[in-house]
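A.B. asks: Submitted below is the structure of interest, expressed as structure tokens.
Computed from the coordinates by the stated procedures, all read-outs in this text should not be read as laboratory data. The structure presented is a predicted model; accordingly, all values stated were derived computationally and were not measured. Quick reminder, even Gly has a Cβ in these numbers, built from the backbone with ideal geometry, and neighbours come from all protein chains shown.
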Amino acid sequence: MDKKTILNQTHRDMGARMVPFGGWDMPVHYGSQIDEHHAVRRDAGMFDVCHMTAVDLRGPGVREFLAWLLANDIGKLTTPGRALYSCMLFKNGCVIDDLIVYYMADDWYRMVVNAATTDKDIAWMEEQAEGHELNIQPRRDLGMIAVQGPNAREKSLPLLPDELRSQAAGLKPFSACSNDHWFVGRTGYTGEDGFEIILPKEQVVDLWQNLASAGVRPCGLGARDTLRLEAGMNLYGQDMDEDHTPLESGLAWTVSFTGLRDFIGRSSLVVQKNLGDIPRFTGLVLEGKGVLRSHQKLYEGEREVGEITSGGYSPTLEKSIGLARIAADAGDTLQVDIRGRKLPVTLVKPPFVRNGKPLI
């Protein structure tokens, strides 16, 4: 039986088409995935992300622990409220999960992890936390709504608690503010500006309905995927996973080798770097008609050189785009096998779209 977020009945009342997703019953769209996509690029849309999990890490040993746990350097966060994107790795350097961590105080960090990996993530953190002075608390009492688009902040601000409104209005990108109950981060997964709002579960439905009344369009998983793909943002389980390292997943920028800091997986990544021959991670645009999909094979002539990890139709570009992992020595003239036909693709550097503007 799929789990349900606190907004499940609200989605149904609004006419959402519901589908299973990572063990959850979630809305894929409310009638038109394309219209929802354009709403986020041009105005404001909102997503139910209550299936994701906020995890509070508290205690005097939390910063030292995160310096060991994460591939990115928590030491970069020097101002309370700032956020960091990082991967959490196995000792072999492969990815357990990707996440955002917020530095709220010297003894309090908040992490947001993916829905399907929550139990695995928490078990791993608890195992690694032995010997560190901290408490790891999954906040299952909280829900989360992402409000995204050029007008998202303007439409959201009047609905925030009075004492948070001015702080939220002044937030810089990739930072957050909070009171005793609400947490507002200027972060997202769409390539647009906006907020991710974490609040008590019992207040989530009211906020969703108030946002809808303010002209924020409800959006489903379909638009969320096309938006993140246009923004060149990885999806766990497709673009990176337990079989691949960040270095071969387009995420080398999230790994900090600076200084002497050791972290889980570092030694394996150093070996991989020194050996070289690391697969390339690239963006693709299909030339002509067709749709790029994950697991389609890529060829250089007769030689198979890789495969697409994520693909789909870009409503903004009106073209089919994708992300792919290809051999280090592959050239730039490649073809994709779509149902037995080899069609040419153009290699590009993601993102494809950012802040509503095409970049290719």
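A.B. asks: Under a point spin-label approximation (7 Å from Cα along Cα-to-Cβ), what is the Leu157-Gln238 distance to one decimal in nm?
C.D. replies: For the pair Leu157/Gln238, the computed spacing is 3.4 nm.
A.B. asks: Let me ask another. With a point put 7 Å past each Cα toward its Cβ, work out how far Lys91 is from Asp13 in nm, to one decimal.
C.D. replies: 5.2
A.B. asks: Something else now. Build a GNM of the chain with springs between Cα atoms under 10 Å: which of Asp43, Asp35, Asp277 gets the top mean-square fluctuation?
C.D. replies: So, out of Asp43, Asp35, Asp277, the one fluctuating most is Asp277.
A.B. asks: Let me ask something additional. Check the straight Cα-Cα distances from Lys3 and name the aspartates and glutamates below 20 Å, setting aside those fewer than 8 residues away within the same chain.
C.D. replies: The reachable aspartates and glutamates, counting only those whose Cα sits under 20 Å from Lys3, are Asp13, Asp25, Asp48, Asp119, Asp121, Asp141, Glu202.
A.B. asks: Based on alpha-carbon centroids, what's the gap between the stretch 291-360 and the stretch 254-276 in Å, whole number please?
C.D. replies: 29
A.B. asks: Under 16 Å Cα-Cα from Lys342, which lysines qualify once same-chain neighbours fewer than 8 residues away are excluded?
C.D. replies: Lys289, Lys297
A.B. asks: For Glu202 and Ala252, what is the calculated FRET efficiency with R₀ set at 25 Å and r taken between the beta-carbons, to the nearest 0.05?
C.D. replies: 0.05
A.B. asks: For Asp329 and Arg354, compute 0.36 nm times the residue count separating them, minus their Cα-Cα distance, and round to one decimal in nm.
C.D. replies: Net length gain for the segment: 6.1 nm.
A.B. asks: Okay, next question. Within the stretch 309-360, which trypsin sites (Lys or Arg not before Pro) sit in a loop by DSSP and count at most 12 neighbouring Cβ atoms inside 10 Å? Could you put the intermediate results ahead of the total?
C.D. replies: Working: sites: Lys319, Arg325, Arg339, Arg341, Lys342, Arg354; in loops: Arg339.
Those satisfying the criteria are Arg339.
A.B. asks: Same structure again: Students often get this wrong: which residues of the stretch 35-55 have the backbone nitrogen under 20 Å from the point 7 angstrom along Cα-to-C-beta of Glu126?
C.D. replies: Correct set: 52-55.
A.B. asks: Within a Cβ distance under 14 Å of Asn179, other residues only, what is the Lys/Arg minus Asp/Glu net charge?
C.D. replies: Spelling it out: positives minus negatives among the neighbours equals -1.
A.B. asks: Let me ask something else. Hey, which of these cross-link pairs are over 25 Å Cα-Cα: Lys76/Lys172; Lys201/Lys357; Lys273/Lys319?
C.D. replies: Flagged as over cut-off: Lys201/Lys357; Lys273/Lys319.
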